[in-house]
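Each remark here refers to the structure printed beneath this line.
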């Protein structure tokens, strides 16, 4: 099949997709309007004929908008992959969608007058501000790929956490953001197409001038610099173009993910190798894919006209497509990490002293969270009998948060050392998304979902995700890059289903959001004991695998020379990280931000070897989660902010501060 695709080339694939989309469009148009009235509808629809008005101001604008959005996202995706030298780079990497979503949420709540100038400009400003933060953090590093990607992820997580918090507190005002965030191509006029068309043409023309710089960027920095390329300027130009395209699309139709990954991958498999070819064919394939996907969405609409958001269906189609494409990608397209995970600082640090300080801080934070709280009469220190009454309520939450944070941090540390990729985290593995999928299915299909049923459903979802990742990753050679891509694809597939359920408008969507954001409200003494036992077992068993974590990142050859079977050890590490993620997710929801942040915090503190780094990450993760649980419980009393959101709003700014210090 892959050989047939390669023989046909990207032109054959584009032609096939365009023909299929064209036939579907004609079929839908024939059902709506007799062919004899098509010209009248185009020239000037009769206001008295609803069919002509619908064709002229909804069907055709939607068709053109889908083509423009697909082309823009395909071009933006390949630009980011070329400039960052990483096949998992996508428009999401720079936090553009999250920044646009936050700007729109803030405007809807506190500055609705800004929307009078158009929602597009508000969202565009938010996306550009997010990117400005990424560039500011990465500038002193010469816009190095690892710095850009990590800064973008952290800023994106922060913006997403703030938006989710606003939605929880202002559900009635921001419920529409569920649909917008899922990517809806529904149109009522030509304004979106008119907005996108000139901007896409301008960016595409400017991209043509970057063919040579992007070709040189495919070399290492030293060779590119020797050939006269200003690396920072070239990266900045490509990033600005990709961001401009993404911001325009997101501000117009919402978030349509996965095209930025699938279209460039399909172009590469079809034979596009040169930079110019990849730019052109990625844009064309993105346009054809989104056009066909949107037509399928419309054909599958219910009798009452209801349909899923196109962005959700794009992920449902794109995830299996990417899984199928993975073994057909060249090895360099699968496994090239952004950067090896090395010491984050050149200063030396005494591991015992650092770990001791983290341990003391963790104990102090736990005691403080139990004894200090906020009530109807303000802040209060609980002692004696009052503390005895509050201890059964506060201590289980604190211990569960501590344990979950430690397990997620440990899983993230193992993933980052295994893959050599600073973006690796439990979220990338897809296990948290699988658990959320299982919980969502139970919530929407069962008449009554108790605590036991919730845990069982999430367990099944996490187990399915784990087995799928292990099977698909092993079937694709087991390389670190392919495993990451498998996790991304499966995570996107599960997230698409969950997002569709949250966009349905069902009141249970709020319950689902509460669980996904990581609330520890329902944790009891039994749940806390299970969490603490799992975390303690992790710390006891860790020294047995510390040598593996030191050796595996050195490569298969070195591992074999040192008597370590690389495939077997990688499978054990991957399975261990997945199990840790699943246990933590079952207890407090899919808290994945800590898995990304805590290993970076440990390395910034100078912990370099596997065992100290792992211990430091676990302590830092527990510390962040304990602080997050206390902040979420107290800061907005009597309302509560879920610990997962509070953790991201605490940990992400801390990590951004450390990154800025590292840059300076």
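The values are calculated or read from the model by the stated rules, or taken from the named source; none is laboratory data. Predicted model only: the values in this text are computed from it and were never measured. A quick note on method: Cβ atoms are made from the backbone with ideal geometry, for glycine too, and the neighbour counts reach across all protein chains shown.
A compact table of results
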quantity: Single match in 102, 114, 109 (criterion: assigned by TED's automatic domain parsing to the domain that holds residue 161, outside any loop (DSSP other than H, G, I, E, B) and either within 12 Å of residue 242 (Cα to Cα) or free of Cβ contacts under 8 Å to residues at least 24 places away in the same chain (or both)); calculated: 114
quantity: Residues that are farther than 20 Å from residue 516 by Cβ and either outside the structural domain of residue 521 (by TED's automatic domain parsing) or surrounded by fewer than 23 Cβ atoms within 10 Å (Cβ to Cβ) (or both), drawn from segment 627-642; calculated: 634, 635, 637, 638
quantity: Residue list for segment 606-626, filter: under 18 Å from residue 353 (Cβ atoms) and surrounded by fewer than 24 Cβ atoms within 10 Å (Cβ to Cβ); calculated: 606, 608, 609, 611, 612
quantity: Odd one out for residue 84 among (1) touching a residue at least 24 places away in the same chain (Cβ under 8 Å); (2) surrounded by fewer than 21 Cβ atoms within 10 Å (Cβ to Cβ); (3) touching a helix residue (DSSP H, G or I) at 6+ places or on another chain (Cβ under 7 Å); calculated: (2)
quantity: Only listed residue being over 21 Å from residue 520 (Cα atoms), in contact (Cβ under 8 Å) with a residue 60 or more places away in the chain and out of contact with any strand residue (DSSP E or B) (no Cβ under 7 Å at 6 or more places or on another chain), chosen from 623, 656; calculated: 656
quantity: Unique residue being at pLDDT below 75 and surrounded by 19 or more Cβ atoms within 10 Å (Cβ to Cβ) when the list is 479, 519; calculated: 519
quantity: Any hit, segment 217-224, residues being buried (at least 22 other Cβ atoms within 10 Å of the Cβ) and farther than 30 Å from residue 298 by Cβ; calculated: yes
quantity: Candidates 555, 589, filtered to the one that is buried (at least 23 other Cβ atoms within 10 Å of the Cβ), on the phi > 0 side of the Ramachandran plot and modelled with pLDDT under 75; calculated: 589
quantity: Residue count for segment 370-391, restricted to those that are over 16 Å from residue 640 (Cα atoms), at pLDDT 85 or above and in a strand (DSSP E or B); calculated: 1
quantity: Residue pairs meeting the criteria (Cβ under 6 Å; at least 6 apart or on separate chains; first without any contact (Cβ under 8 Å) to a residue 12 or more places away in the chain and on the phi < 0 side of the Ramachandran plot, in segment 627-652; second buried (at least 24 other Cβ atoms within 10 Å of the Cβ) and in a loop (DSSP other than H, G, I, E, B)); calculated: none
quantity: Pairs where the first residue, in segment 219-248, is on the phi > 0 side of the Ramachandran plot and the second is outside any loop (DSSP other than H, G, I, E, B), C-beta under 9 Å, 6+ apart; calculated: 228/216
quantity: Residue within segment 276-288 that is over 29 Å from residue 430 (Cβ atoms), without any contact (Cβ under 8 Å) to a residue 12 or more places away in the chain and in the same structural domain as residue 14 (by TED's automatic domain parsing) present; calculated: yes
quantity: When residues of segment 434-457 are limited to those that are buried (at least 19 other Cβ atoms within 10 Å of the Cβ) and touching a residue at least 40 places away in the same chain (Cβ under 8 Å), the one nearest to residue 586 (Cα to Cα); calculated: 435
quantity: Exclusive hit being modelled with pLDDT under 85, out of contact with any strand residue (DSSP E or B) (no Cβ under 7 Å at 6 or more places or on another chain) and buried (at least 21 other Cβ atoms within 10 Å of the Cβ), set 647, 571, 598; calculated: 647
quantity: Selected residue (only one of 68, 29 is within 30 Å of residue 132 (Cβ to Cβ), assigned by TED's automatic domain parsing to the domain that holds residue 301 and in a helix (DSSP H, G or I)); calculated: 68
quantity: Any chance residue 272 is crowded, with 24+ Cβ neighbours inside 10 Å and either in contact with a helix residue (DSSP H, G or I) (Cβ under 7 Å, 6 or more places away or on another chain) or in the same structural domain as residue 120 (by TED's automatic domain parsing) (or both); calculated: no
quantity: Filter pass, residue 286 being part of a helix (DSSP H, G or I), modelled with pLDDT of 80 or more and under 28 Å from residue 409 (Cα atoms); calculated: no
quantity: Matching residues, segment 225-240, being in a helix (DSSP H, G or I) and surrounded by fewer than 22 Cβ atoms within 10 Å (Cβ to Cβ); calculated: 225, 226, 231, 232, 233, 234, 236, 237, 240
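Yes/no matrix, rows are residues, columns are (1) surrounded by fewer than 24 Cβ atoms within 10 Å (Cβ to Cβ); (2) under 30 Å from residue 269 (Cβ atoms); (3) modelled with pLDDT of 80 or more:
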residue	(1), (2), (3)
90	no, yes, no
101	no, no, yes
113	yes, no, yes
144	yes, yes, no
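Residues checked against (1) surrounded by 12 or more Cβ atoms within 10 Å (Cβ to Cβ); (2) within 17 Å of residue 520 (Cα to Cα); (3) touching a residue at least 12 places away in the same chain (Cβ under 8 Å); (4) in contact with a strand residue (DSSP E or B) (Cβ under 8 Å, 6 or more places away or on another chain):
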site: 370; (1), (2), (3), (4): yes, yes, yes, no
site: 373; (1), (2), (3), (4): yes, yes, yes, yes
site: 377; (1), (2), (3), (4): no, no, no, no
site: 380; (1), (2), (3), (4): yes, no, no, yes
site: 384; (1), (2), (3), (4): no, no, no, no
site: 389; (1), (2), (3), (4): no, no, no, no
site: 394; (1), (2), (3), (4): yes, yes, yes, yes
site: 398; (1), (2), (3), (4): yes, yes, yes, no
site: 403; (1), (2), (3), (4): yes, yes, yes, no
